[in-house]
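As structure tokens, the structure follows; a few thoughts come after it.
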Amino acid sequence: MMPRARMGGMIALRRHPRLAATALAALVAAAAVPVVAYVIVPQLVRSTLVEDLPTATPVSAAASGPAASAGTASVAAETLLQGRLVRISVADYGSGAIRIVRVGSERFVRFEDVDIAGAPDMYVYLSDRTDGKPGAFVDLGKLRATNGSFNYAIPASVDLASVRSLVVWCRQFNVTVTYAALGSG
């Protein structure tokens, strides 16, 4: 048998069906707000950036002056590591190529033709893990765009021998949005 206080509430709901319907609607609305905030609102946080891969001028051309470098081609980018962004769930996904390239003496992370789920407060990490978790990581900064092709400079102090993946991390929800396991092939 239910305690008297609970029975009184149930009896009141039975006597007033509109009150019961209003209470049920309020509960459904309260449950729907976080779902809408998590699934729909991030889709509105979208941006596109398209930039070229940085180029380097050969040292001999730079030393010879502007007249000599006018007909000289730039140094080609060398791909050191590469991978593809993966879908984790309906709300957390990414597609497109990730490359770590060397251009002259500088290294860059190159996002190529990416489409990443919109979410607030996203950051780009180079991680020592391959499972999408940050692990021991290097923070390259805020995600610059959710779509397009763009670059991040890699600090000279980063040892690429320990880098196993690139992770796009949402700090607000403390979750991986997408990641790419990186390899030489």
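Quick check: residue separation of residue 90 and residue 26 times 0.36 nm, minus the Cα distance between them. What number comes out in nm?
20.4 nm
Fully extended, how many nm does the chain gain between residue 80 and residue 156 (0.36 nm per residue separation, minus their Cα-Cα distance)?
Roughly 25.9 nm would be gained on extension.
Read-outs throughout are calculated quantities, based only on the coordinates presented, and are distinct from any laboratory measurement. Please read all numbers here as calculations on a predicted model, not as lab measurements.
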